[in-house]
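Accompanying notes for the structure given below.
Readers should treat all values here as calculations from the given coordinates under stated rules, not as data from a laboratory. Remember, predicted model here, so these are calculated numbers, not experimental data. When we count neighbours, we look across all protein chains shown, and the Cβ atoms used for this are built from the backbone with ideal geometry, even at glycine.
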Amino acid sequence: MDKSGYYGQFGGAFIPETLNATLWQLNTAFAEVKEDSSFWTEYETLMSTYSCRPTPLTYAENLSSHFGGPRFYIKREDLNHTGAHKLNNVMGQGLLVQRMGKNRVIAETGAGQHGVATATMAAKLGYSCTIYMGEVDVARQRPNVFWMQQLGATVVPVKDGARILKDAINEALRDWSTNMDTTHYVLGTACGPHPYPEMVSYFQSIIGMEARNQILSQAGRLPKRIYACVGGGSNALGVFSGFLEDSSVELVGVEAGGEGLETNKHASRLAYGHGSVGVAQGYKTYFLQDEDGQMLETHSVAAGLDYIGVSPILAAYHEEKKIRFEAATDKEVLEATRLVMRMEGIIPALESAHALAGAFREAPQMNADDVIVINLSGRGDKDIFTIADALGDATWKSFIATKAEEYSA
């Protein structure tokens, strides 16, 4: 990265003039903590005592036997406090807010995990909190909305545009531009204007540090491949960071293939060249857009992957061929979710199940002495409505119908 926040041709800070001073302040504060070893010590201590770090690396013996190929190891970010990797970034930014002297935080969220994490951080550190969430995502992620509200956050349903993650980001940026003296925008993924891509990746790198030590300890060797789902890209950059300099380790990012890449109902930007370079939401990267630069509607069964853009860092790695990108369809994801539940007793988030689906697809072509790591970025209890509906569970449908009758009585 150069000093202006570019990764090759990607990144930068395309922002209204009113945000210049705020981003300058954030850049300065972040640059200071990177040089202060006591800050990282404080961060690691907080994550080890308040969250569940280091999260385990689980050998998935049953899956390994089932595929008869590589040994599967699963990095368990689903066991991190609030149920996903999101808290790593959020708590780091929360400590940074203390240094900047602000008292309010705002955030966007799609799957809701980042919103829950931000509301949790605000409760822990004593900030007021507002969460912006697309109206579509509010409906499909109702459990997370409930918990955000119980944690004291104000949840604002965004009714503009497609009413999903990109629209929530736009609304959060509007809020920030009018309340920047008191408010910090806790951006949830490695996108947006500089320094957010670098900052989010910095805090998420704790995943890769742990995973590298754990796989060397447990398997006695580096993995052949590492799989991670890719929406904005924070969990992928987190786990990949521990292995970027290892040429023997192939890094595989799995995007949302939705109903198929031959349709217009997916969110795959880098796999198979569906995205094109543009500027939006404060940064330059690959977006799903038309020839006039208008953003297209996206689709994924996983709300957290239902996004038009991708981290500029990942875009640069894509062009440098440091990371291979694939896509998994909704159908593959649901099949992977069912398989890992039944075989390992692990309930993955639908986002994370994209990484599982990518690994399951390629496992039959791998050897028995190969080792792979899958980053399980979050747990799936938040997806109970979506999963039960997609699997056509009759008992669940009956339960929902009964509850609806009770509430309407």
Principal axis extents for segment 119-173, Cα atoms only, whole Å, descending order, please. 33, 24, 11
Given the DSSP H assignment, sum -39500 (n - 2.57) over each helix run of at least 4 residues in the chain and divide by its residue total; what's the result at 222 nm in deg cm²/dmol, nearest 500? -14000 deg cm²/dmol
Report D for segment 14-111 in µm² per second (integer): Stokes-Einstein, Kirkwood Rh on Cα pairs, 10 °C, 1.306 mPa s. 97 µm²/s
All-pairs Cα distance distribution in segment 15-71, expressed in whole percent, bin size 10 Å: 18, 20, 21, 20, 15, 6
Dividing the Cα convex hull volume of segment 152-193 by residue count, how many Å³ per residue is that? 96 Å³
Kirkwood estimate for segment 163-221, i.e. one over the average of 1/r between Cα atoms, Å: 13.9 Å
About the Cα centre of the chain, what is the dipole size in debye to 20, counting +1 per Lys and Arg Cβ and -1 per Asp and Glu Cβ, all else neutral? 700 debye
Taking the alpha-carbon set of segment 268-308, what are its Rg and Dmax in Å? 10.1, 28
Radius of gyration, Dmax [segment 35-168; alpha carbons; angstrom]: 17.4, 55
For the chain, which longest stretch is free of loop sites, where a loop site is one of the trypsin sites (Lys or Arg not before Pro) that DSSP puts outside H, G, I, E and B and that has at most 10 other Cβ atoms within 10 Å? 4-320
For each pair in Lys75/Lys397; Lys159/Lys322; Lys86/Lys166; Lys75/Lys159, compute the distance between the two Cα atoms and list the pairs where it is over 27 Å. Lys75/Lys397; Lys159/Lys322; Lys75/Lys159
What is the spin-label model distance, in nm, from Met209 to Arg104 if the labels are put 7 Å beyond Cα along the C-beta direction? 3.3 nm
In sequence order, calculated HN-Hα J values of segment 340-356 (Karplus, 6.51, -1.76, 1.60; Hz; x Gly/Pro): 6, 5, 6, 9, 10, x, 10, 9, x, 5, 4, 4, 4, 5, 5, 5, 4
Most positive-pole-ward Cα, Ala139, Gly92, Leu63, against dipole of segment 26-148 from beta carbon charges: Ala139
Span from the segment 157-182 Cα centroid across to the segment 78-137 one, whole angstrom: 15 Å
Among rounded, prolate and oblate, which fits segment 170-325 when a ≥ b ≥ c are the square roots of the eigenvalues of its C-alpha gyration tensor, a/c under 1.5 means rounded, and a/b larger than b/c means prolate? oblate
Taking placed amide H atoms and a strict 5 Å upper bound, the residues 5 or more places from Gln289 or on another chain that come that close are Ser276, Leu296
Relative contact order for segment 229-268: what percent, with Cα pairs under 8 Å and sequence separation of 6 or more? 34 percent
Out of the DSSP beta bridges found with both residues in the chain, what percent are antiparallel (nearest 5)? 30 percent
Within the chain, longest stretch clear of exposed GluC sites (Glu not before Pro) (DSSP loop, no more than 12 other Cβ within 10 Å): 36-244
What is the magnitude of the charge dipole of segment 252-409 about its Cα centre, with +1 placed on the Cβ of each Lys and Arg, -1 on the Cβ of each Asp and Glu, and no other charges, expressed in debye to the nearest 20? 300 debye
Take every Cα-Cα pair in segment 302-409 and report what % of them are more than 18 Å apart. 60 percent
What does the convex hull of the Cα atoms of segment 206-290 come to per residue, in Å³, rounded to a whole number? 119 Å³
Kirkwood hydrodynamic radius of segment 248-379, Cα pairs, Å: 15.4 Å
5 angstrom amide H check on Ala327, placed H, neighbours 5+ away: Glu255
Taking the Cα-to-Cβ direction at Glu335 and at Gln218 and moving 7 Å from each Cα, how far apart do the two end points lie in nm? 2.6 nm
When each pair of different Cα atoms in the chain is counted once in the 1/r mean, what is the Kirkwood radius in angstroms, to one decimal? 21.2 Å
Dipole size in debye (nearest 20) for segment 64-103 around its Cα centre, Lys and Arg Cβ +1, Asp and Glu Cβ -1? 120 debye
Modelled label reach - Phe14, point 7 Å along Cα→Cβ, segment 172-201 residues with backbone N closer than 20 Å: 172-177, 187-199
